[in-house]
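The values are calculated or read from the model by the stated rules, or taken from the named source; none is laboratory data. From a predicted model like this one, the values you see are computed outputs, not experimental measurements. FYI the Cβ positions are ideal-geometry reconstructions off the backbone, even for glycines, and counts take in every protein chain you see. Note: areas computed on protein heavy atoms with side chains; ligands, DNA, RNA excluded. Shrake-Rupley method; radii C 1.70, N 1.55, O 1.52, S 1.80 Å.
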Amino acid sequence: MSRGAGPVLTTSAQIVMVQAVLPLLKDHLPVYSTDDAFDKVANQTVGIGGYDKIYDLQTTLFKTYGLTAPEIAKQATQRYFKTWMRFPGAMLITTLQDFSYQYLAMPFQPTDTISTLMVYSNWTRPTFYRLNILWRNLMHGDFGALPWMFNDVIMRLFGTIIAVYGLISPWFLSKNKIPSWDLRALWCVPVGLTGLYMPVHLEPRYLIPAVPIICVLAAVAFARRQSAAE
């Protein structure tokens, strides 16, 4: 029980609640401004080295100061909410910046899926879906990168169209007297999931459950619109 402190659902807050305020530390805002152990160690680790030093923060607090994982998680969470109170504008900007337009393309990304399977199969990470590398190769005379770039742009555009249509259509069907209350209820799932993670940390794997729901929203809304037009 050296790491325990009673019933605990998860101690992930000891990492993610620190990760959430890293952009403010990068901008030199005094997030950890007291003289207690947590703030002192945080300034000496993540305050200088960012995300790569989170492990050092956890290790020092545990080995040197005897804090358990639940205790670290609790203190990190307290400081996270305190940061919202002290720097609401900076935290709001950080939250909004946590969303990337690339997330909208997730409903249709076959090359990304193939590349992920290759990585998980211990193959060399491919470059045929990474626009920055493809563009660099093209600038160095590799014209074979051009078809891959075109392919990637088209697929991302198609995925974005599906996502945008799935997210906005439930709110316009009723104007044409097409039932949409059930779609609006389902709409709350992907939007709520995104809103849940954005204030802390958002990345593609957290949005995977939202992708099929958005596809269903788009497909059902399109089918209802077509049926109403007949």
message: Show the residue pairs meeting these rules: Cβ distance below 7 Å; 6+ apart or different chains; first residue within the stretch 47-60 and touching a residue at least 40 places away in the same chain (Cβ under 8 Å); second residue assigned to a helix (DSSP H, G or I) and open to solvent by less than 40 Å² (accessible area, probe 1.4 Å).
response: Gln58/Gln14; Gln58/Ile72
field: Residue, farthest from Thr113 (Cα to Cα), within the stretch 201-213, restricted to residues that are open to solvent by less than 20 Å² (accessible area, probe 1.4 Å) and part of a helix (DSSP H, G or I)
entry: Ala210
message: Of everything in the stretch 88-120, what is free of Cβ contacts under 8 Å to residues at least 24 places away in the same chain and of a type in the set (D, E, K, R)? Give them in sequence order.
response: Asp112
- request: Test Tyr51 against the criterion of being aromatic (Phe, Trp, Tyr), within 21 Å of the chain's Cα centre (by Cα) and at pLDDT below 95, and give yes or no.
  value: yes
- line: Filtering the stretch 13-46 down to residues that are in contact (Cβ under 8 Å) with a residue 12 or more places away in the chain and not in a helix (DSSP H, G or I) yields Ala20, Val21, Asp27, Leu29, Val31, Tyr32, Thr45
- request: Go over the candidates Ile162, Ile154 one by one and state the one that is crowded, with 18+ Cβ neighbours inside 10 Å and assigned to a helix (DSSP H, G or I).
  value: Ile162
- prompt: Can you name the residue in the stretch 123-151 that is surrounded by 15 or more Cβ atoms within 10 Å (Cβ to Cβ) and polar (S, T, N, Q) and is also modelled with the highest pLDDT among such residues?
  reply: Asn151
field: Entirely in the stretch 58-123, the helices (runs of 4 or more DSSP H) that have 3 or more residues that are within 30 Å of Tyr32 (Cα to Cα)
entry: 69-86, 88-97
